[in-house]
1. What number comes out for the charge environment of Asp37, summing +1 per Lys or Arg and -1 per Asp or Glu over other residues with Cβ under 11 Å away?
2. Grab the Cα-Cα distance for Ser39 and Ile73, subtract it from 0.36 nm times how many residues apart they are, and report the gain in nm with one decimal.
3. Just how much of Tyr172 is accessible, in Å², when a 1.4 Å probe is used and the result is rounded to the nearest 10?
Amino acid sequence: MKKQFFAAILPLFVSFSAAAESTPTDSSTANALANADVSGFRMGAGVINHDSDDLIDDATGYVIEVGYDINKIFGVSGRYSNATFDNDNTQNPSKLPGEVDVSTWGLYADIGYTLIGKNNFAIKPYALLGAERINVVTDLGNENFDDSEYAFAIGTGIRATFKEHFVLAAEYKFSSVDIPEYNDLDLDTFSLTVNYKF
C-alpha cells in the first residue's frame, strides 16, 4: 500500500514543484509574489492508511481536519481519523483475533517554507509535530478491549495550493501508544487530503 501511495502522488508533486519554481521574471510581479499573504483557515477531508508491525494487515480509513496557516513557515491543524484493521489471526496465531478499530484526535504544528509560483500556485514541504489521543477497540467477538492513551506524533508532508483556495496534501506520520494488549502499538500513517482554504 505504501509503494502504491507514493507512486500515485509523486508525479503530481514533482510537477507542482516545477510550477512553483517557474516564477515570472518581471521584478514587480516577483516582489508581489515574495510578499504574498498565505495565512488563512482551511478545512477538508481525505483518506488514511495505517500500517503496523503489531497487527497483521494495514487499515484504510478517513480523516477530517481543520487548519490555519499562520505565515509561510508555520501552520497548525486539528484532526479526527478512523480506520479498522481486519486482524485475522489465522495468518499469525500470536496476534489477537478480530477487528481492531483505531480512532485518533490530534493537534499538530507544521514547520516548513511556502514556495509561491505564478497563477496563484503555492507549495509547502514541511515537518510535523503533534499530540494525539488514540483510542483502540479490539473486537474479539465474545469480548472487547477498549483502551485510550496519549501519544506524540512526528512526520513530514507536502501541501500544494491552487488558485489560492484548493489544497492537496500528502503526508506521513509516526506515533506510538502504550496499549496493554499490544505493548507499544506503533502506527505508520499515510494520508492524502483535499482542503478548501478561506
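1. Here the charged neighbours net out to -1.
2. Here the segment from Ser39 to Ile73 would lengthen by 11.2 nm.
3. That residue has around 60 Å² of solvent-accessible surface.
The values are calculated or read from the model by the stated rules, or taken from the named source; none is laboratory data. Since we're looking at a predicted model, the values are computed, not measured. Quick reminder, even Gly has a Cβ in these numbers, built from the backbone with ideal geometry, and neighbours come from all protein chains shown. Heads up: the accessible areas ignore ligands, DNA and RNA and are worked out on the full protein's heavy atoms, side chains in. Shrake-Rupley method; radii C 1.70, N 1.55, O 1.52, S 1.80 Å.
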